[in-house]
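A.B. asks: Let me give you the structure first, and then I'll get to my questions.
The values are calculated or read from the model by the stated rules, or taken from the named source; none is laboratory data. Computed from a prediction, not measured in an experiment: that's the story for all the values here. Cβ coordinates were reconstructed from backbone atoms using ideal geometry, including for glycine residues, and neighbour counts include every protein chain displayed. We work out accessible area using only protein heavy atoms, side chains counted, and drop any ligands, DNA or RNA first. Shrake-Rupley method; radii C 1.70, N 1.55, O 1.52, S 1.80 Å.
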Amino acid sequence: MTTERFGTREEVIRWIKEVGIDNKVTVIISRSDTETGKRGRSNKIIFGCDKGGKHKISDSGTQSASKKCGCPFKIRSTPAKDGSGWKIDVKCGLHNHGLPDRLEGHSFIGRLTTDEKQHVADLAKRHVAPRNILLSLQDKFPENVTRITQVYKHKSVIEKEIRGPRSEIQHLFKLIEDAGYVYWSRKKDDSEVVREIFWAHPDSVKLLNIFPIVLVMDSTYKTNKYRQPLFEIVGMTSTELTFAVGFAYMESEQTENFCWVLEKLKELFVKKDMCPQVILTDRDLTLMKAIEVVFPNSINLLCRFHINKNVGAKCKQHVVNDLQKTIDTLLMEVVWASDEVEYGQRLHQLEQACVDYSGFINYVKDTWLTPHRHRFVGAWINRVLHLGNTTTNRVESAHWKLKQMLGNSIGDMVKCWEAMNNNLRLQLGNIRASFQKSFYEVENAHVSPFYGYLRGSVSRAALRRIAEELLRVDYVGTNRQICGCTLRTSYGLPCACELGRYRVGGIPIPIDVVHVHWRKLTMEVELEIGEDDGSEVDMTAAMDELWRRFRSLDVVGKRALRSRVCELAYPTMTTLCPPPEKIKTKGGVKKKGKKPADYDVYRDPSYHEYVDKASQSSQRQSQPSQTSKKIKLSKKQPQFIVQFPNHIRSYIEDVVNVESDGNCGFRVIASLHGYGEDGWSMVRRELGLELIDKDRSTLYDKLFSNRLSAVRESLMIESFGSQPPEKWMSLPDMGYLIANRYNVVLVCLGNPCITFFPMTSSHSPNVSIYCIGFVNQNHWVQVNMKEGFPLPPVTLDWKKFRSHIATTWMLGFAGRMQHWQLLTPVLA
């Protein structure tokens, strides 16, 4: 009880809720009214306990619960008649339940305040894990009793507010455009589904043109929920730091897919004649073939690390334990041979040691040395300017850093792009800092006048390598044969014999003997365009030709051309959608000798992967089982199932909900057809095209009669947001269009239950059956049914207007339709 007066409604609400919390009571507003001048309307607020009201019992199979117990607690607040403010009158101060000792887990008290929501938003933007966000909330707001569920919900709300009505690909393109990325994409034939997408940061493009000598490429997996492989390309700066060149999500790892990505990489070079001198990969035959096609002048080296792992695994399988270390050493001497003569000698020694292990030595020679020795053996690659890159460790490290930023493998393409972009921001900051260090700072080992011309003009990484090579001068002198000149040919830096001549002559190292790669210490430069390349960025002729063609077309042609131009001008309005399902991403075979269909050259999995897998399997088999019995859990009943007829519930496996924004029916059809839920706009467009199809225009004129224009209008929308009721999917009109357009059987479970067969085609035994459900009198859901479930009857209009050959549909499904009639004798 209080005699205090409050100036505003908000003060009353704040005071009552604070007093309630102090007494472990959650007070809510039961009713409120505002004076408007009309009769019966007055300013008042009625407060009650959150446990007031009756507990509603439903026959739902879910583990639902309610806090309602009919608590009579009631407070009334109205403005005082003397105008002194709002007064509080306790009508009933009793509770019919106990009071909690703490308020943790309470849904109402645990709601986030405005300041707490902002704190969650700030941390979520930095990809802080929800559990750490909750701990931060508890540290900053000691009175907070929020649970992690509220954190997850608010993160979801933030993401929806940022994305708005845009689809996943639309939002992705918006982010890419805003960040100034260079990107390309292509879609599958006769579909709006993304097949490949490639993007590169503008600063990455600049670094590629500054440091184009060596590129390292590799694919990684488990980065997105679509299971598409991510192909990553990296390079190396003068300070020996790795920079990401570009990323590509690919449908699969076939030669044609790699060729498309490499062609886009080729377009990132400013000058036509520019290309990487060295491309380093693992032994992926499809990628190697694509490199030969797109970059025929580049040298394709193979990763020594992966070769060593594969050969080591084979050695464990064929060679006894006592000789394994010896053979590994001999093999490394073969790989590191400095010239062809030494290579022949080392190989002979290896063959003598493996005289009793023909299977192993044949594998080494046939798989690696004979076809690929020029790609990884020192006698050949020491003549190549690879700048010290003989393994794919750079790109493997980039994969690891990206996955650390991603956190999991169930994100969509937007989340993947955001992780890549954040990773790039950190990476570019480190690169700029390394340039400044090389420019301003001098290491103690480089203070000597011998480095006078190089300090501040050559990277510190290059100076370190020169300093290490200088230690060889004492026993190499100026003899080139003893020196080998590997540092000169492989790194573009002065080797020991050169340094010996400069020392004898008493002159500092000239800057001209250092390859230009090591002398670039900034990325703040304008890219130079070749004399013959300027025409490639001039669009005047192309735009003039577009206008000429546009004026010469008729109305339909102008619409088609405008649509194609708009796709380029407004990428955020694209109709592209992500891959609809988890797809096979690797061309590797499951069983030996069975090459997958449609794969010209496929990736042979690394041999050590097989050996490691077999080893892990044997270890698991040797471990005793922790549990002797599996506890059988009760299966959770699907959502909305109680809204479907009793006789069909036993055939329902699952009910999949979709977003309720007025497009739910089209979302369900898009999901069933493989477009994904976000492909709903494509379904609307395709059904609109079906309605004007010249082969079936007569059919729809008869079927819809004077409603034809209304059906057409219901498919046309003005925005991608929520749609009014007149734009919702309605049956039976849309049922006929869906069955005819996609040549499927559409089953609707609702009131009534209906089956829609195609009206102009004959029965097909392998036809797809789409089942949808109408719930809550305003929402469509996807219903997954068991094989061979009963089919409800067709409509009278279908029987009246279907073609003669369409009769075969009812004959083909007669048994399943009779089964429905047997289950519903009253309706039959």
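A.B. asks: Heavy atoms only, probe 1.4 Å: what % of the accessible area of the range 659-792 goes to carbon and sulfur, would you let me know?
C.D. replies: 45
A.B. asks: By a straight-distance test (C-alpha under 15 Å), which aspartates and glutamates pair with K800 as possible cross-link partners, with residues fewer than eight away in the same chain excluded?
C.D. replies: The reachable aspartates and glutamates, counting only those whose Cα sits under 15 Å from K800, are D701, D733.
A.B. asks: Whole-Å semi-axes of the range 125-250's equivalent ellipsoid, largest first, each the root of 5 times a Cα gyration tensor eigenvalue?
C.D. replies: 35, 22, 14
A.B. asks: Sorted by average packing, counted as other Cβ atoms within 10 angstrom per residue and highest first, what order do 365-376, 441-452, 305-316 take?
C.D. replies: Ranked from most to least packed, the peptides come out as 305-316, 365-376, 441-452.
A.B. asks: What pairs in K24/K87; K91/K140; K155/K786 have C-alpha atoms more than 31 Å from each other?
C.D. replies: From K24/K87; K91/K140; K155/K786, over 31 Å: K91/K140; K155/K786.
A.B. asks: Round to the nearest 0.05 the FRET efficiency obtained for I21 and Y152 when R0 = 25 Å and r is the Cβ-Cβ distance.
C.D. replies: Using R0 = 25 Å, I get an efficiency of 0.55.
A.B. asks: Right, next: Would you work out the relative contact order for the range 5-94, in percent, from Cα pairs under 8 angstrom that are 6 or more residues apart?
C.D. replies: 27
A.B. asks: Given T391, V128, Q427, which one lies farthest toward the positive end of the charge dipole of the chain, if we put +1 on the Cβ of every Lys and Arg and -1 on the Cβ of every Asp and Glu?
C.D. replies: V128
A.B. asks: A further question follows. Using unit Cβ charges (K, R positive; D, E negative) and no other charged atoms, how large, in debye to the nearest 20, is the dipole of the range 673-733 about its Cα centre?
C.D. replies: In total the dipole reaches around 200 debye.
A.B. asks: So what is the 222 nm mean residue ellipticity for the chain from helices alone, if each DSSP H run of at least 4 adds -39500 (n - 2.57) and you divide by all residues, rounding to the nearest 500 deg cm²/dmol?
C.D. replies: That calculation yields -12500 deg cm²/dmol at 222 nm.
A.B. asks: Are there any trypsin sites (Lys or Arg not before Pro) in the range 642-733 that are in a DSSP loop and have at most 16 other Cβ atoms within 10 Å? List them by number.
C.D. replies: Those satisfying the criteria are K694.
A.B. asks: Next up: Quick one: if the Förster radius is 25 Å, what FRET efficiency do T220 and K266 give, using the C-beta to C-beta distance and rounding to 0.05?
C.D. replies: Once the sixth-power term is evaluated, E becomes 0.70.
A.B. asks: With labels modelled as points extended 7 Å from the Cα through the Cβ direction, what inter-label distance (nm, one decimal) is found for N766 paired with D101?
C.D. replies: 6.7
A.B. asks: Hey, if you drop one equal point scatterer on each alpha-carbon of the range 369-461 and run the Debye formula without solvent, what base-10 log of I(q)/I(0) do you get at q = 0.11, 0.12, 0.20 Å⁻¹?
C.D. replies: Each listed q maps to, in turn, -0.62, -0.71, -0.98.
A.B. asks: Checking the cross-link filter: which aspartates and glutamates have an alpha carbon closer than 12 Å to that of K125, excluding same-chain neighbours under 8 positions apart?
C.D. replies: Result set, ordered by chain and number: E159, E418.
A.B. asks: Compute the distance in nm between two label points, each set 7 Å from the Cα along the Cα-to-Cβ direction, one at K800 and one at R5.
C.D. replies: About 7.4 nm, to one decimal.
A.B. asks: Residue separation times 0.36 nm, minus the C-alpha to C-alpha distance between K140 and T329: what's the value?
C.D. replies: Between K140 and T329, full extension yields an extra 62.1 nm.
A.B. asks: For the chain, what does the equivalent ellipsoid look like in terms of its semi-axes, each the square root of 5 times an eigenvalue of the Cα gyration tensor, given largest first in whole Å?
C.D. replies: 62, 40, 31
A.B. asks: Among V335, L285, A313, which residue has its Cα furthest toward the positive end of the charge dipole of the range 233-341, with +1 on Lys/Arg Cβ and -1 on Asp/Glu Cβ?
C.D. replies: A313
A.B. asks: Hey, which aspartates and glutamates would be in cross-link range of K44, C-alpha to C-alpha under 18 Å, not counting anything within fewer than 8 residues on its own chain?
C.D. replies: The qualifying aspartates and glutamates are E4, E10, E11, D33, E35, D82, D89.
A.B. asks: Relative to the compact globular guide of 2.2 N^0.38 Å, what is the alpha carbon radius of gyration of the range 218-297, as a ratio?
C.D. replies: 1.12
A.B. asks: Something else about it: Can you list the residues, at least 5 places off or on another chain, whose amide H is less than 5 Å from the amide H of E196, using H built in the peptide plane?
C.D. replies: Long-range HN contacts for E196: R186.
A.B. asks: Which of K17/K117; K222/K271; K222/K289 have a Cα-Cα distance over 30 Å?
C.D. replies: K222/K271
A.B. asks: Please give the per residue accessible area of the range 52-123, computed with a probe of 1.4 Å over protein heavy atoms only, in Å².
C.D. replies: 69
A.B. asks: Here is a further query. Could you give the length gained on full extension between K67 and E468, defined as 0.36 nm per residue of separation minus the Cα-Cα distance, in nm?
C.D. replies: Computed gain between K67 and E468 is 136.9 nm.
A.B. asks: So, in nm, how far is label R31 from label D115 when the simple model puts each one 7 Å beyond its Cα toward the Cβ?
C.D. replies: Going from the R31 label point to the D115 one covers 3.6 nm.
A.B. asks: Taking θ = phi - 60°, what integer Hz values does the Karplus form 6.51 cos²θ - 1.76 cosθ + 1.60 yield along the range 364-373, in sequence order, with x for Gly and Pro?
C.D. replies: In residue order, the calculated couplings are 4, 6, 6, 8, 10, 5, 5, x, 10, 4 Hz.
A.B. asks: Follow-up. Can you work out the FRET efficiency for the pair V442 and E713, with r the C-beta to C-beta distance and R0 = 51 Å, to the nearest 0.05?
C.D. replies: 0.10
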